[in-house]
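Trainee: To start, I am sharing the structure in question, which I have written as structure tokens.
The values are calculated or read from the model by the stated rules, or taken from the named source; none is laboratory data. Keep in mind the model is a prediction, meaning the values are calculated, not measured. Methodologically, a virtual Cβ is constructed for each residue, glycine included, from the backbone with ideal geometry; neighbour enumeration extends over all protein chains shown.
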Amino acid sequence: MTIPHWTGGTQYTYGMLSAEVATAIERFSPRTASAEVADFAKELTAAARPGSENRAKAFLFAACCLGAFCESVGLVLAPEVVLRDSVIERCCHPKTTAMSPPTRRTVRSNLRAIARAVHPGAPSVALAREHAKAPYSNAEIAAYLALADAQPTKARRLHASALVCLSAGAGLMGQDLKAVCGTDVARRSGGVVVEVRAGHRPRAVPVLPRYHDRLLDAATWAGTRLLIGGTSPLRRNVTTPLTASLSGGRDLARLDTGRLRATYLVAMAETIGLRAFMDAAGITCSQRLGDLVATLPAPGQDEVVALIGRTR
């Protein structure tokens, strides 16, 4: 007898399946799923070796639901990827599927049964989803900029202003901020661009128009010095000394660079119409969009500045 095994997209062998089960799997042809999802559901069900025709049909339906979900978010249709508890939970989450609660529970139970059969003894660990930090509102950004303007020395005023502009206006935080000098900020391509030299991804970043004048003022004052203070680009802690030293603003929570970056990302998403794209494509999770974007030609700096950073 031959044991079904995964062969990377080819058919499973059905040597250990009864004739009724093998026939049910081979005849499976869902009307609302792609051919790739249908083939994946059939192969996954065969690998799970259901003991009856009804069990096979239940597995086929559940595997098809999982395959369609994974296809919609760009996950590779391979058991080691899709049969993780975290993926199954996302597939069956109320905000992901239109299935009724009883159907959702049944599908989840069957998917877990398939996972146990295909990967016996594999650890079952559900990964908690890490949520993005909340962006600041326009009023909150205005309040933090006012707080920067209220600092007792010019140096502190411009350092604080530069931090808000670089983080909320260009999305920089942590390593990206370490080596940014005043001379790294310049008018270019019809907007304002900051050169990021430190960190893992050196790049030129267009600054959102709202922050142009403030950042240019701080950059002109800083010159060849570091824009947010300090004397060495090798220092470990970049922003804490600055945010901890801001005086005043008792009604404001301590400035959070993670939330500043989230503010920038939301502004960018709105500018490029990301919500409209995801809604139209039926995408609820952008986990694999990076793989798709990597296939596109890289835009030139003039194009990027025209899209997100040009003064209008």
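Trainee: At pLDDT below 85, outside any loop (DSSP other than H, G, I, E, B) and of a type in the set (Gly, Ala, Ser): which single residue out of Gly258, Gly248, Gly290, Gly230 fits that description?
Mentor: From the options Gly258, Gly248, Gly290, Gly230, the qualifying one is Gly290.
Trainee: Can you pull out the residues in the range 51-83 that are in contact (Cβ under 8 Å) with a residue 40 or more places away in the chain and within 20 Å of the chain's Cα centre (by Cα)?
Mentor: Scanning the range 51-83 gives Ser72, Val73, Gly74, Leu75, Leu77.
Residues checked against (1) within 24 Å of Asp302 (Cβ to Cβ); (2) aliphatic (A, V, I, L, M):
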{"site": "Val196", "(1), (2)": "yes, yes"}
{"site": "Ala218", "(1), (2)": "no, yes"}
{"site": "Arg225", "(1), (2)": "no, no"}
{"site": "Ile228", "(1), (2)": "no, yes"}
{"site": "Thr239", "(1), (2)": "no, no"}
{"site": "Leu260", "(1), (2)": "no, yes"}
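Trainee: When you go through Ala56, Ala19, Ala33 one by one, which is the residue that is at pLDDT 85 or above, of a type outside the set (Ser, Thr, Tyr) and either surrounded by 22 or more Cβ atoms within 10 Å (Cβ to Cβ) or touching a helix residue (DSSP H, G or I) at 6+ places or on another chain (Cβ under 8 Å) (or both)?
Mentor: Sole residue among the options that is at pLDDT 85 or above, of a type outside the set (Ser, Thr, Tyr) and either surrounded by 22 or more Cβ atoms within 10 Å (Cβ to Cβ) or touching a helix residue (DSSP H, G or I) at 6+ places or on another chain (Cβ under 8 Å) (or both): Ala56.
Trainee: Can you find even one residue in the range 176-191 that is assigned to a helix (DSSP H, G or I) and without any contact (Cβ under 8 Å) to a residue 40 or more places away in the chain?
Mentor: Yes, the range 176-191 has at least one match.
Trainee: Hey, does the range 157-169 have a residue that's more than 25 Å from Val266 (Cβ to Cβ) and either in a helix (DSSP H, G or I) or modelled with pLDDT of 95 or more (or both)?
Mentor: yes
Trainee: Another question, if that's okay. Closer than 24 Å to Val305 by Cα and in a loop (DSSP other than H, G, I, E, B): is that true of His200 in this structure?
Mentor: The answer is yes for His200.
Trainee: For Gly182, are the conditions met, namely being assigned by TED's automatic domain parsing to the domain that holds Thr271, buried (at least 19 other Cβ atoms within 10 Å of the Cβ) and closer than 20 Å to Ala306 by Cβ?
Mentor: no
Trainee: Mind checking which residues of the range 233-245 are in a loop (DSSP other than H, G, I, E, B) and touching a residue at least 12 places away in the same chain (Cβ under 8 Å)?
Mentor: Pro233, Leu234, Arg235, Val238, Thr239
Trainee: Being in contact (Cβ under 8 Å) with a residue 24 or more places away in the chain, surrounded by 14 or more Cβ atoms within 10 Å (Cβ to Cβ), assigned by TED's automatic domain parsing to the domain that holds Val304 and out of contact with any helix residue (DSSP H, G or I) (no Cβ under 8 Å at 6 or more places or on another chain), is that true of even one residue in the range 192-208?
Mentor: no
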